[in-house]
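**Q** Could you have a look at this structure, given as structure tokens, before my questions?
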Amino acid sequence: AAPEEEAPAEAAPEEEAPAEAAEADTTPAAEEAPAEAAPAPAAAEESPKQQLQCSGKKSEGDTLEWESFGKVERFLGGDLEDPETFKKMVAARSYNCELIIIAANEGGTLMAANTILNFHRLGIDHYILLVRTQEHCTRLTQLQDIEISCAWSTYMKNHKALPKFGIGDCPHCRDAFRLWVARIRYLGHMIRAGLNAMYIDTDVTFTVNPYPAFKEKKMKDHNLILQLEQHSANGLNIGVMYCQNCAPNGRSQWVFDETINRIEVILDMDDPTTIWAEDVEQGIVHPPFQWQGAKNIIWDQHTLNDVTESSVTGKESRRRSYHIGVKGEERQKYLNAHGYKNPPNFDMNQDGVQSLPLLLPTDAPGAGETLVGAPTWLVGGWAGVAGGRRPQR
């Protein structure tokens, strides 16, 4: 087992969008803007620890452990949008109610293979690799030097809005947008299936098996654990996400489900990009604050940070993306009403664990569930726009 102070993961966070671009985003018509959620109590309620009920392999006896290599079944593919396929995948690949999802398009194959080899070196095999197509998955399962379990997803495939945002379903693009959104969707599905759900980017390396750090002492009573990029609940990086002992359909799961809901609303608008073009023509918006594409408007990381900010403050926050459909001068009014709520800060260099209660939805299961911004003793890495590299301690 890793010592408590030893860091199990070395992460290179996704690049954060420039602050100026975030200021210049856009969303649904102002009259369609969601009403602010009612303020919720500031303290988390106590709740009994979630007892996981899941299919899949279990360790023998009463002692749980997390070295699953050679103890789970291989999965040779299927579309995770099919409920029966998803159930079969969970039954084959999960271990002690734990499952890790990673994602890669064709251009990311080598990085995904390195991640899987990293898992295997630490005795971990309870993962599923999410890819774009059946053809890619089939090729991966036929490799001779590494045994890969994978699945594909048709979620949002051929969605008419993707090209408008500059995010067509591209096999070798650096930004695999459809897979990025799908990973969040399936984290919610995994929690609903009774699993402890983990996602890591393929530029993350485990230096030791991470589970002892998650399961013992400081971390074991916390639920939604995300990598810190900046110091607050709206400065999270989603290169490392873990939800343990989270109630199905509860407050932690809502963070993932609501992120998907918000992205889908924007994608299903008639054409929000035309609103932005009109602003440029009328001189309301000037370069370099013009249309920036998906990363600054419907980027999953931005959207999820709005959702976590909403949950820990009990107030609606949609600053980063939802104003895409608000025209012209009305946009600033919208931002004033739905902008940053200044949630409490995390101490990135703390020796302990600082958590915030999740407050939304107020009527959902999971009262008492908490959000943790992982301190640097747990996850180190380059923090994008938030400063230099923060080594693990």
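The values are calculated or read from the model by the stated rules, or taken from the named source; none is laboratory data. From a predicted model like this one, the values you see are computed outputs, not experimental measurements. Please note: Cβ atoms are built from the backbone with ideal geometry, for glycine as well, and neighbour counts cover all protein chains shown. Surface areas here come from the heavy atoms of the whole protein model, side chains and all, with no ligands, DNA or RNA. Shrake-Rupley method; radii C 1.70, N 1.55, O 1.52, S 1.80 Å.
**Q** Got the relative contact order for the range 126-262 handy, in percent, Cα pairs under 8 Å and 6 or more residues apart?
**A** After rounding, I find 21 percent.
**Q** Taking a ≥ b ≥ c as the square roots of the eigenvalues of the Cα gyration tensor of the range 146-231, is the shape rounded (a/c under 1.5), prolate (a/b larger than b/c) or oblate?
**A** Prolate.
**Q** Another one. Looking at the range 119-164, which trypsin sites (Lys or Arg not before Pro) are in a loop (DSSP not H, G, I, E or B) and have at most 14 other Cβ atoms within 10 Å?
**A** On the way: sites: 121, 132, 139, 157, 160, 164; in loops: 132, 157, 160.
Passing both the DSSP loop test and the Cβ count: 160.
**Q** Can you give me the accessible area per residue for the range 114-182, using a 1.4 Å probe, in Å²?
**A** Using a 1.4 Å probe on heavy atoms only, each residue of the range 114-182 averages 45 Å².
**Q** Can you tell me the convex hull volume per residue for the range 52-180, based on C-alpha atoms, in Å³ to the nearest whole number?
**A** So the per-residue Cα hull volume is 110 Å³.
**Q** Just to confirm the filter: which GluC sites (Glu not before Pro) across the range 63-142 are DSSP coil and have at most 11 other Cβ within 10 angstrom of their Cβ?
**A** Sparse-neighbourhood loop GluC sites (Glu not before Pro): none present.
**Q** If you count only protein heavy atoms and use a 1.4 Å probe, how large is the accessible surface of residue 257, to the nearest 10 Å²?
**A** 40 Å²
**Q** Shifting gears a bit: Report in % the part of the accessible area of the range 197-266 that belongs to carbon and sulfur, leaving out ligands and nucleic acids; probe 1.4 Å.
**A** Solvent-exposed carbon and sulfur of the range 197-266 make up 47 percent of the total.
**Q** So which chymotrypsin sites (Phe, Trp or Tyr not before Pro) in the range 67-115 are both in a DSSP loop and have at most 16 other Cβ atoms within 10 Å of their Cβ?
**A** 69
**Q** Would you work out which of 213, 227, 200 lies farthest towards the positive end of the dipole of the range 196-240? Charges go on Cβ: Lys and Arg +1, Asp and Glu -1.
**A** Farthest towards the positive end: 213.
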